Amino acid sequence: MPLYEMRKFVAPEFIFGVGARHRVGFYARNMQARKVLIVTDAGVISAGWLDDVKQDLAEAGIEYAIFSGLTENPKDYEVMVGAKFYQDQCCDVIVALGGGSVIDCAKAIGIVFANGCEVHAFEGVDNVDIPGPPLICIPTTAGTSADISQFSIIVNSPERYKMAIISKSVVPDVALVDPETTLTLQPHLTACTGMDALTHAIEAFVSTANSPVVDVHALAAIELLWNNVEQAVMNPSDLAARENMLLGSLQAGLAFSNASLGAVHAMAHSLGGYLDLPHGECNALLLDHVIRFNIAAEPDRYQRIATVMGLNGKGLSERQRATSITQALSNKRSVLGLTDKMSNWGVKYGDIPDLAHHAVHDACLVTNPRHASLDDLKVIYGEAL
């Protein structure tokens, strides 16, 4: 019997470090770009990062068009508008400059253009027939890891939930991971995206598709994120904390892109799409409730997570260990100012059946360590209310 199960591991080329964003012209030129579509948003533009990209592309002699018509949680109709704009502008390469919403939208624009169909056709696993055009990603948040992952999350606006598009075809060609771009991220979003990254690492580590390679990245991510998120939130100009947060996000992305996620993300996709809420904040709210549900299925792995978080769980019962981890997460949320409950966002008990219906069909639920039924999800949502 082999010691390890056979597993694949997919990762794009990436450059990590201060100043990495300035390589955008070099890579676009190597891709023989004639005209680049820059996908970004108003916040990134006001922070000044778009000016850097425009200058670097201009110095490389490459034309560009700018698409910024997207919202915090990118919608299906925004993707379709972006794909038409890409075609109308005769672009041949995409540069995504922004957080997860921007990068997910850019990925979806590319595959819609390449396949000539509605974005809904790609929902689920491996439903992209033709890869999109070359894609360069410059993340400006330390959280989503969309810049290196096989995921694109788009809101199905008629049904009000987030579709998970999972395919190697949406893995970017190169990611330019520059900690300086996160210095302008305001504290609340730093907290939200930081908790998103932490959730990525935890869910990947306990995923039924985990592997020895995934484990290395997941545990490294948990340690970096747990030990640096408070400093990044309280002292936004601390470049060392920002570097560690972005490195942790990168490691978490490498982990979850290959092991997938679990019930937290399945439920957060449903909740965030239903109320158009920040994804990281949804994860932060649901994480400890899901851990209490899951811990019996993977007690040893959750013990390793507790150890990396600096918690002494030796000699504790399973229930005590769950309490230790979830209390530590609750305390962390409080320090970061993420104290809302679902009821504070206007969610009512009558909404739970709709939320659970979409969550139970989310592709992320497949790799949750414990089988979660529709009724289980209803109970967890009720606990988080």
Quiz item: Could you count how many residues in the range 259-288 are polar (S, T, N, Q) and more than 13 Å from the chain's Cα centre (by Cα)?
Solution: 1
Exercise. Working carefully through the options R319, R304, find the one that is without any contact (Cβ under 8 Å) to a residue 40 or more places away in the chain, of a type in the set (D, E, K, R), surrounded by fewer than 20 Cβ atoms within 10 Å (Cβ to Cβ) and not in a loop (DSSP other than H, G, I, E, B).
Key: R319
Self-check item: Residue satisfying condition, being crowded, with 24+ Cβ neighbours inside 10 Å, in contact (Cβ under 8 Å) with a residue 60 or more places away in the chain and touching an Asp or Glu at 6+ places or on another chain (Cβ under 6 Å), within set A266, A284
Solution: A266
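Yes or no, residue by residue, for (1) part of a helix (DSSP H, G or I); (2) open to solvent by 20 Å² or more (accessible area, probe 1.4 Å):
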| site | (1), (2) |
| --- | --- |
| L189 | yes, yes |
| E203 | yes, no |
| T208 | no, yes |
| V213 | yes, yes |
| V216 | yes, yes |
| L225 | yes, no |
Quiz item: Across the range 53-91, what is the number of residues that are of a type in the set (D, E), farther than 30 Å from G273 by Cβ and touching a Leu at 6+ places or on another chain (Cβ under 9 Å)?
Solution: 1
Exercise. Say whether the condition of being assigned to a helix (DSSP H, G or I), in contact with a Lys or Arg (Cβ under 7 Å, 6 or more places away or on another chain) and among the small types (G, A, S) is met by at least one residue in the range 251-269.
Key: no
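The values are calculated or read from the model by the stated rules, or taken from the named source; none is laboratory data. Because the structure is a prediction, the values reported are computed rather than measured. Cβ: placed from backbone, ideal geometry, glycine included. Neighbour counts: every protein chain shown. Side chains included, ligands, DNA and RNA excluded: accessible areas come from the protein's heavy atoms. Shrake-Rupley method; radii C 1.70, N 1.55, O 1.52, S 1.80 Å.
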